[in-house]
Ligand code: ADP
Ligand code: MG
């Protein structure tokens, strides 16, 4: 027990530190990005423009990594409210559909009416966009992604199923480990952040997957009691 207490105290110090460092590094990154963007929009020719493009992309990459760590360090949210699952997924679909189309994949939504949970809207979107992005990146020919949500008992269930390349047992056990990625341009932070957000919203996530067949993730959250979200 002693050890555990020390560990959680340490974790708290580390996460405070990570949050403040991440904040301080992200701001100058974003300022630099702004100036690079200005430079690149002038009609410069030739190589300079390519270099600028790479610089901008790498800045975005650094900035995304910092945002992920920030979420990991401080996943608890200042603003929580009643989230309507159909609204959230309609919004997510708008962001993610163009990405799926680029891979020749289709997204199917099947969301029951009147589903709600308590949480933070932007974190919720971040968590599910990470999961669905992985599905899209795993798609091969005739890619399909099914998103289904319904209530069962006191819980809201959300299933994300794809017919992509699937994962072997070893990949499944390493999922969520920082920097674990099988992609050339992956950060290996997506699932780490998603797990953390879901945990902070009192949710649970599980995966089933078969190599060559596809992957299904199941997330469940405590349903928000209907009387806490009056419509009138
Ligand atoms: P990244 O996407 O940057 O690689 P993630 O944490 O999001 O990092 O995912 C880690 C790894 O888990 C991926 O590189 C991939 O190998 C595997 N993975 C996650 N989701 C899926 C999926 N739906 N289908 C196949 N592989 C997946
Ligand atoms: Mg990912």
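No lab work stands behind these numbers, since they all come straight from the coordinates. What you are looking at is a predicted structure, and each value in this text was computed from that prediction instead of being measured. Because the Cβ atoms are built from the backbone with ideal geometry, glycine has one as well, and the counts that use them run over all protein chains shown.
Extending 7 Å from the Cα toward the beta-carbon at both residue 12 and residue 211 defines two label points whose distance is 4.4 nm. Hey, for a label at residue 171 modelled as a point 7 Å past Cα toward Cβ, could you say which residues of the stretch 201-218 have their backbone N under 12 Å away? Only 209-216 pass the distance filter. Would you give the gap between the C-alpha center of the stretch 194-223 and the C-alpha center of the stretch 65-86, rounded to a whole Å? Distance between centres, Cα-based: 16 Å. For the stretch 154-224, the relative contact order is 48 percent, taking Cα pairs closer than 8 Å that sit 6 or more residues apart in sequence and dividing their mean separation by the residue count. Each peptide in 94-100, 192-198 was scored by the mean count of other Cβ atoms within 10 Å over its residues; highest first, the order is 192-198, 94-100. The Kirkwood radius of the chain, taken over pairs of alpha-carbon atoms, gives through the Stokes-Einstein law at 37 °C and 0.692 mPa s a diffusion coefficient of 167 µm² s⁻¹. Once the chain from residue 30 to residue 50 is taken as fully extended at 0.36 nm per residue, the excess over their C-alpha distance is 5.2 nm.
Modelled label positions at residue 39 and residue 184, each set 7 Å beyond Cα in the direction of Cβ, lie 2.6 nm from each other.
Of all the options 51, 157, 179, the one that moves most in a Gaussian network model of the chain with Cα springs shorter than 10 angstrom is 51.
Per-residue extension of 0.36 nm, minus the Cα-Cα distance of residue 218 and residue 106, leaves a gain of 38.4 nm for this segment. Relative contact order for the chain: 18 percent, from Cα pairs under 8 Å spaced at least 6 residues apart, divided by residue count. Spacing of the modelled spin labels on residue 202 and residue 99, each 7 Å from Cα toward Cβ, amounts to 2.9 nm.
Put simply, when 84-93, 117-126 are sorted by average Cβ atoms within 10 angstrom per residue, most first, you get 117-126, 84-93.
According to the calculation over all Cα-Cα pairs in the stretch 101-203, the P(r) per 10 Å bin from zero is 13, 42, 36, 8, 0 %.
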